[in-house]
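Before any comments, here is the structure.
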Amino acid sequence: MPQSRPDDKQGAALPGGRAAPRTGSFIEPSTLMRIKNLQMRAKVVVDGFLSGLHRSPVHGFSVEFTEYRQYSPGDDLRFLDWRLYARSDRYYIKRFEDETNLRCYLLVDLSRSMGFHTLAYDKAEYAKTVAATLAYFLTLQRDAVGLVAFDQGIREYLPARFRAGHLHRLMMALEHAPAGTSTDLAAPLEQIARTARKRGLVVLLSDLLAPIETIETQLGQLRSQGHEVVVIRILDPAEINFGFRDESLFFDLESGRELYVDPTAVRVDYQRRFAEHARDLARACNDLGIDRYELATDQPLDRALFDLLNSRMRRGRRFARRRSAPARPVAGGR
Amino acid sequence: MGFLVPLYLAGLAALSLPVILHLVRRTPRGRQDFSSLMFLAPTVPKLTRRSRLDQLLLLAMRLAALALFALAFARPFLREAASFSHADLPGRRVALLVDTSASMRRADLWQQAVKLAERELGELGSQDDVALYTFGERLQTVIGFEQEGTETTQAKPQVIRQQLAALKPGWGSTDLGTALVAVAGEIDSTSDVRQSSLEPQLVVISDFQKGSRIEALQSFEWPKRVPVVTRPVQPARRTNAFCHILPDEEEQDGADARVRVVNAADSAGEQFYLAWSGDEPQVKGRHELAVYVPAGQSRVVRLARGTDALQADRIVLRGDDHPFDNTFYAVPPRKEQATILYAGSDGPDDANGMQYYLRLAVANDPLRQVEVRPLHTIGDLPKPGESGARLVVVTQSPAGDWTAGLQSYVEQGGMVLVVPADREAAPIVPALFDDVDLVAELRRSEGEYALLGEIDFTHPLFASFAGPRYGDFTKIHFWKQQRFALRASAVTRAVARFDNGDPALLERRLGTGRLLALTSGWNPDDSQLALSSKFVPLVGAMLDLACGTARVATGGTVNEPVTLPDLPGSPAFVVVAPGGLKIDVPAGSRIFAATDEPGLYRATAGTNEIPFAVNLAAVESNTAPLELEQLAQRGVPLGKSVSRAERTERVRQQRDTELEGRQKVWRWLIVAAVGLLILETWWAGRTERTIAESSLRAA
């Protein structure tokens, strides 16, 4: 299993007095992606993430964040998590273990545009890894996780379950989902509307390279069904910076259009339009009360996961249990 | 080599386009897959330092194709060796039509016209034929067209110059339409008949005033190949007004006149003055009447003669720039002397008699000074050949043998009117009218009367009553009449009858005179005739019948025939024109047509002298310019005269067009261009495929 790089210095302080994990402790994505098995890859990320938490000097952080806290004399030993003790040789108390489990749906966009890559792996692979990581993490928390892999239609569907073998099936479904042609959220949304009897959490992993009006309409439909929605935008660094140099015939992976482009001539304009689209997306998510996060494929996954959970924690949300009161719309994005 | 449309050679500038495109064109280094093109715009090719020409062979083919297209559109042709000069120009048949109407007398218009004509003559070539026409009211051929190729063609311009020097404007009005139609028809028919290759052309030199008549153009189909070149002449100063006398509705003695003053539409001046005038200095009116007339309008004023202008025969207007139409001629008032011999027992002051009313009826005749003299004996009647009384009125049976004397008088041209005053005078009627019998005297009781029931309004005595307004005689009652009856084969006729059928007015022609008889008197005891409004004109008609009409044809216009009065005996007239020229009118004719100039004419026949005035036509004074578009609207093709150089160029162009039409070099150029394009398309496709394959291999 690839190890994270040794950390030899403290990370910067986070708001609320919490300390960030030390720099250098995250796993390089290129290294991570060499792990062929998706479940293993996810496990590495989660374990590394959790071990990072263990080394945090601020005790309250992990307890609140992960629903674990270090054992203090006088705690009720019924809530001691013996598995964690077996793994970590430390005592932790579980909280809200008996509360209703969270239902989480992972919507993974596997259209052709997600097949773009300038690194050794494409966005789809990265998205699958993020999805697998979240599924693994949620399963550890005994939450029900479902999967909808889609392009212009639904390619894989697994209802939200917490039972033996479900995680494995989910990983298999992710590994084998083929890359489609175009992107259409309508089909997965209808599927969720049909099958999700209870409200839960919907995590959408996509590059969201579509007109804002379409995205806004489709995300609005998701929110109208009452689910809490988190959008994780997966982008290749080249899509953000447009760092190409040679004049080329650019080929749209989804529409098949061709365009002669001199990157040096159009870079500034591309970045402006890209940023404008991102702002519109941010505004749309904000208006709909949707949390939005952006992940570049060259970012370490565990760092991304850390930032995601941290951000939600700062806003009073827990990436686990749903409160009885509906979630208030808060500003999304990083 | 020449080009028919060299402007298209500017299309060769488009050759720079493929060069630029080749310079700016970028060959992509390869192909790049990308997630979405939604944030990308195509890069516009531009010239940079790195620009260089690619694909030289393709560039050359494209340039060549464009050049061939540009050359083809320019319609090239191979010129023939012979050059084209003025001598090769086809000849023209030029008709000069010069206006000689009265309005050309203004200022220096005629001099301008002559200069323009000479300029046209100067433009003529050796192949050109020319003719000179003048027009006013009528067209006149001064010098006509000749046969082509005759020697006179070359000498004609000089002849025309001589004729022009002798011409001058007349006094007629302007019939431009008829003149144009006639000359155009002449040119066209001449060209057709002789199958002439000469190009016809009509040059009109005129002041083109609004008073010109152009109605004749309305129904004329203008020959297409006869263009019209207009050469207008205009005076420097434009103010022009004219005057004319309006006829009075009421009978006036002619001392005063109602005068209309008309100011032309383009006049600058508005203040004019009128005065009576004549040849004799003493009749020149000292009293000018000021008249203000804005441009384009008219005013009517009353111009009094004054005692010192009683014999003035013209009204002169002053205040405008052109005096040609400033004089209006009018016959001065003059009363004819006439004598009526009256044979009756009643005195001139006897209000119960007929003489009294007869004298009253003729007292105020504006055209005659009538004297009523008593006729005592037959010897008082004028002898044959003597001038004297032309009418004898007999109311009482005269003593002695009057019958033969009166009949002789009538046969010699006199007129006798018999009106028996009583029963005793009645037999004179059957004595004079041998086919009329006296029946009885009829006196109606109070309250009873007869009316005139049947009247021959075609008779000169009743002609003036022919209208419905004047023809009602039912208000004239007759209480006493002498009843006469016409025999079966009577020559005498009843001009009027009473409502009981009895003749009221009898007439018999004897020799050159007339016998008339009224069967009822006009005095109040007999009837209401003398007291009616019809009595005076009836007596006037009798005097006209007896003495001949004294009215002359005033208001005649130049070149219009004048009808002279019908005098007894129909004598032959000799007319003295204003210039003093004497013109004989054919015997038996009363039409005088030689009214060539305005002024007072005097027609004399024997001892009779009848003056009449001839004036300019009023339309000729309408000197505002005519819009030449009106001619074009009526189908006249107005063209511009072209100089010899322009004609040479035009004919050269025509020859080049024919040459190019025969050679059709443009077709071969188009074929070559299309072939090149096909080759270029194939080569470009081949090149594209090569590039695509190499980039795929590189990817």
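The values are calculated or read from the model by the stated rules, or taken from the named source; none is laboratory data. Since this is a predicted model, take the numbers as computed values, not measurements. Cβ: placed from backbone, ideal geometry, glycine included. Neighbour counts: every protein chain shown.
Note on region A:215-226: among residues that are part of a helix (DSSP H, G or I) and in contact (Cβ under 8 Å) with a residue 12 or more places away in the chain, the one that is nearest to the other protein chains (Cβ to nearest Cβ) is A:Ile215. Within region A:152-173, the set of residues being in contact with a strand residue (DSSP E or B) (Cβ under 7 Å, 6 or more places away or on another chain) and not in a strand (DSSP E or B) comprises A:Phe162, A:Arg169, A:Leu170, A:Ala173. From the residues in region A:228-242 that are in contact with a helix residue (DSSP H, G or I) (Cβ under 9 Å, 6 or more places away or on another chain) and part of a strand (DSSP E or B), which one is nearest to the other protein chains (Cβ to nearest Cβ)? By that ranking, first place goes to A:Leu235. With respect to the conditions (1) part of a loop (DSSP other than H, G, I, E, B); (2) modelled with pLDDT of 80 or more, B:Asp566 lacks only one, and its number is (2). What are the residues in region B:214-239 that are part of a strand (DSSP E or B) and closer than 14 Å to B:Ala182 by Cβ, if any? Of everything in region B:214-239, just one residue is part of a strand (DSSP E or B) and closer than 14 Å to B:Ala182 by Cβ, namely B:Val228. Would you be able to say whether some residue in region B:483-499 is part of a loop (DSSP other than H, G, I, E, B) and either touching a residue at least 60 places away in the same chain (Cβ under 8 Å) or among the acidic types (Asp, Glu) (or both)? Taking every residue of region B:483-499 in turn, at least one turns out to be part of a loop (DSSP other than H, G, I, E, B) and either touching a residue at least 60 places away in the same chain (Cβ under 8 Å) or among the acidic types (Asp, Glu) (or both). Scoring A:Ala135 on the criteria (1) outside any helix (DSSP H, G or I); (2) crowded, with 23+ Cβ neighbours inside 10 Å; (3) away from chain B (no Cβ under 14 Å) leaves a single failure, condition (1). Could you list, in sequence order, the residues of region B:1-41 that are at pLDDT 80 or above and within 14 Å of another protein chain (Cβ to nearest Cβ)? Across region B:1-41, the qualifying residues are B:Arg31, B:Gln32, B:Asp33, B:Phe34, B:Ser35, B:Ser36, B:Leu37, B:Met38, B:Phe39, B:Leu40, B:Ala41. Does region B:352-367 include one or more residues that are at pLDDT 90 or above, of a type in the set (Gly, Ala, Ser) and on the phi < 0 side of the Ramachandran plot? Looking for residues that are at pLDDT 90 or above, of a type in the set (Gly, Ala, Ser) and on the phi < 0 side of the Ramachandran plot, one finds at least one in region B:352-367, hence yes.
Beta carbons closer than 6 Å, at least 6 apart along the sequence or on distinct chains, pair a first residue in region A:75-94 that is loosely packed, with under 14 Cβ neighbours inside 10 Å with a second that is assigned to a loop (DSSP other than H, G, I, E, B) for A:Tyr85/A:Tyr91. Take A:Leu209 and decide whether it is under 19 Å from the mean Cα position of the chain (by Cα), assigned to a loop (DSSP other than H, G, I, E, B) and either away from chain B (no Cβ under 14 Å) or surrounded by 17 or more Cβ atoms within 10 Å (Cβ to Cβ) (or both). Considered against the rule, which asks whether it is under 19 Å from the mean Cα position of the chain (by Cα), assigned to a loop (DSSP other than H, G, I, E, B) and either away from chain B (no Cβ under 14 Å) or surrounded by 17 or more Cβ atoms within 10 Å (Cβ to Cβ) (or both), A:Leu209 comes out as yes. The residue that is nearest to B:Glu199 (Cα to Cα), among those in region B:602-648 that are modelled with pLDDT under 90 and touching a Lys or Arg at 6+ places or on another chain (Cβ under 6 Å), is B:Pro611. The single condition from (1) away from every other protein chain (no Cβ under 13 Å); (2) of a type outside the set (D, E, K, R); (3) free of Cβ contacts under 8 Å to residues at least 24 places away in the same chain that A:Pro300 fails is (3).
Within region B:340-355, the residues that satisfy the criterion of being surrounded by fewer than 20 Cβ atoms within 10 Å (Cβ to Cβ) and either more than 25 Å from B:Arg423 (Cα to Cα) or without any contact (Cβ under 8 Å) to a residue 60 or more places away in the chain (or both) are B:Gly347, B:Pro348, B:Asp349, B:Asp350. Whenever a residue of region B:124-149 is at pLDDT 90 or above, its partners that are in a loop (DSSP other than H, G, I, E, B) and surrounded by fewer than 17 Cβ atoms within 10 Å (Cβ to Cβ), lying with C-beta atoms within less than 8 angstrom and at least six residues away or across chains, give the pairs B:Ala131/B:Gly144. Each residue in region A:243-281 was checked for being surrounded by 18 or more Cβ atoms within 10 Å (Cβ to Cβ), among the hydrophobic types (A, V, I, L, M, F, W, C) and facing chain B (nearest Cβ under 8 Å), and 6 pass. Checked against the criterion of being within 30 Å of B:Asp320 (Cβ to Cβ), over 19 Å from the mean Cα position of the chain (by Cα) and modelled with pLDDT of 90 or more, the candidates B:Pro232, B:Pro247, B:Pro169 yield just one match: B:Pro232. Each residue in region A:82-113 was checked for being at pLDDT 80 or above, charged (D, E, K, R) and farther than 30 Å from A:Leu208 by Cβ, and 4 pass.
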